[in-house]
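Participant: Have a look at the structure that comes next, please.
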Amino acid sequence: MPSSTSPIPAEELRAAVDAVRPWLAGEAEQPPRSVLGAAVKTSARWLAQQVPGRSVELRVPPHVAVQLIPGPRHTRGTPPNVVETDAATWLRLAAGELTWADAVAEGRVSASGNRADLSAHLPLPPLRRT
């Protein structure tokens, strides 16, 4: 995400994810693609703003791919540090409804490379329920 993009406010992040929480909890049908995509994109881009960098690529196909985490910059080919998961898993991680360790152990997240560990950044602080 280019640095010229305006920051995503925490309220916008919460609203986007709150729109899909009933589905994540199994209490509703899958939301429309536009609603689900907005939650995924907003949360991934919010994280990229919080830990800017280009050493890790977070992929949540088909919705978003962002680069984040300070460190060596990757410019060509497949990045050495890649995190990939589906929309529901990503949103559960972001919201604190699933731990990084459990997601990796259950094979819900593919994390390759020595920097591809997002556990220190999840759940996203504005989404934590207290």
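Participant: If you go through the range 87-111 one residue at a time, how many are surrounded by 14 or more Cβ atoms within 10 Å (Cβ to Cβ) and touching a strand residue (DSSP E or B) at 6+ places or on another chain (Cβ under 7 Å)?
Facilitator: Residues flagged as surrounded by 14 or more Cβ atoms within 10 Å (Cβ to Cβ) and touching a strand residue (DSSP E or B) at 6+ places or on another chain (Cβ under 7 Å) within the range 87-111 amount to 8.
Participant: Here is a further query. Return only the number of the condition from (1) surrounded by 14 or more Cβ atoms within 10 Å (Cβ to Cβ); (2) outside any loop (DSSP other than H, G, I, E, B); (3) modelled with pLDDT of 95 or more that Ala15 does not satisfy.
Facilitator: (1)
Participant: Still on this structure: For the range 39-54, what are the residues that are under 16 Å from Leu124 (Cα atoms) and of a type outside the set (Lys, Arg)?
Facilitator: Those that are under 16 Å from Leu124 (Cα atoms) and of a type outside the set (Lys, Arg): Ala39, Val40, Thr42, Ser43, Ala44, Trp46, Leu47, Ala48, Gln49, Gln50, Val51, Pro52.
Participant: Here's another thing I want to ask about it. If a residue has to be farther than 23 Å from Gln30 by Cβ, open to solvent by 70 Å² or more (accessible area, probe 1.4 Å) and modelled with pLDDT under 95 to count, how many in the range 118-130 make the cut?
Facilitator: 3
Participant: Return the pairs, sorted by first residue and then second, in which the second residue is at pLDDT 95 or above and open to solvent by 20 Å² or more (accessible area, probe 1.4 Å), the first residue lies in the range 86-97 and is basic (Lys, Arg), the beta carbons are less than 8 Å apart, and the residues are 6+ apart or on different chains.
Facilitator: Close Cβ pairs satisfying both conditions: Arg92/Leu98.
Participant: Among the residues in the range 55-77, are any within 19 Å of His121 (Cα to Cα), crowded, with 18+ Cβ neighbours inside 10 Å and charged (D, E, K, R)?
Facilitator: yes
Participant: A further question on this structure: Collect the residues in the range 19-44 that are open to solvent by 30 Å² or more (accessible area, probe 1.4 Å), part of a helix (DSSP H, G or I) and touching a Leu at 6+ places or on another chain (Cβ under 9 Å), keeping them in residue-number order.
Facilitator: From the range 19-44, those open to solvent by 30 Å² or more (accessible area, probe 1.4 Å) are 19, 22-23, 25-30, 32-35, 38, 41; that's our starting set.
After this cut, where a residue has to be part of a helix (DSSP H, G or I) as well, the list is 22-23, 33-35, 38, 41.
Correct list: Trp23 only.
The values are calculated or read from the model by the stated rules, or taken from the named source; none is laboratory data. Predicted model only: the values in this text are computed from it and were never measured. Every residue, glycine among them, receives a Cβ derived from its backbone with ideal geometry; neighbour counts consider all protein chains shown. Just the protein is used for accessible areas: all its heavy atoms, side chains included, with ligands, DNA and RNA removed. Shrake-Rupley method; radii C 1.70, N 1.55, O 1.52, S 1.80 Å.
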